[in-house]
Amino acid sequence: MALRNYGADNVIDNKRKLLCDVLLTTLPQAESASFALGYFFISGFDVIVESVEHLKNFRLLISNTTNQSTAEALIEGFKKVKQAKEYSLDKEQTSYSDILDGFRLSLKMFKLN
């Protein structure tokens, strides 16, 4: 299989082309998104959170490399998800919207200035 020459326009180096700009442009047009991340920080997720609200599926595979505020926000978000599941007696499973709401509350609690 031959390698394609994508050129510099397709390289996201966060100098000439920023990942947040690419995501903010492409996510609103997507139906689903999956990310494998070596580093995950709430401050970065906060930039794109509104762009993922409409997605049917959103998956994150993250390493354990992060900072204290992100770890605390994730823990709090998972607690909110667990509470939503416990109080959703009429639902078989918690919706993606419920999960996103839990993380949105966590973002507000641990917002970085």
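No lab work stands behind these numbers, since they all come straight from the coordinates. The shown structure was predicted, so the numbers you read here are calculated from the model rather than taken from an experiment. All Cβ positions, glycine included, derive from the backbone under ideal geometry; neighbour counts span all protein chains shown.
Could you give the length gained on full extension between Q68 and L24, defined as 0.36 nm per residue of separation minus the Cα-Cα distance, in nm? Value of the extension gain: 13.2 nm. The label point for N14 and the one for E86, both projected 7 Å from the Cα toward the Cβ, are 3.7 nm apart.
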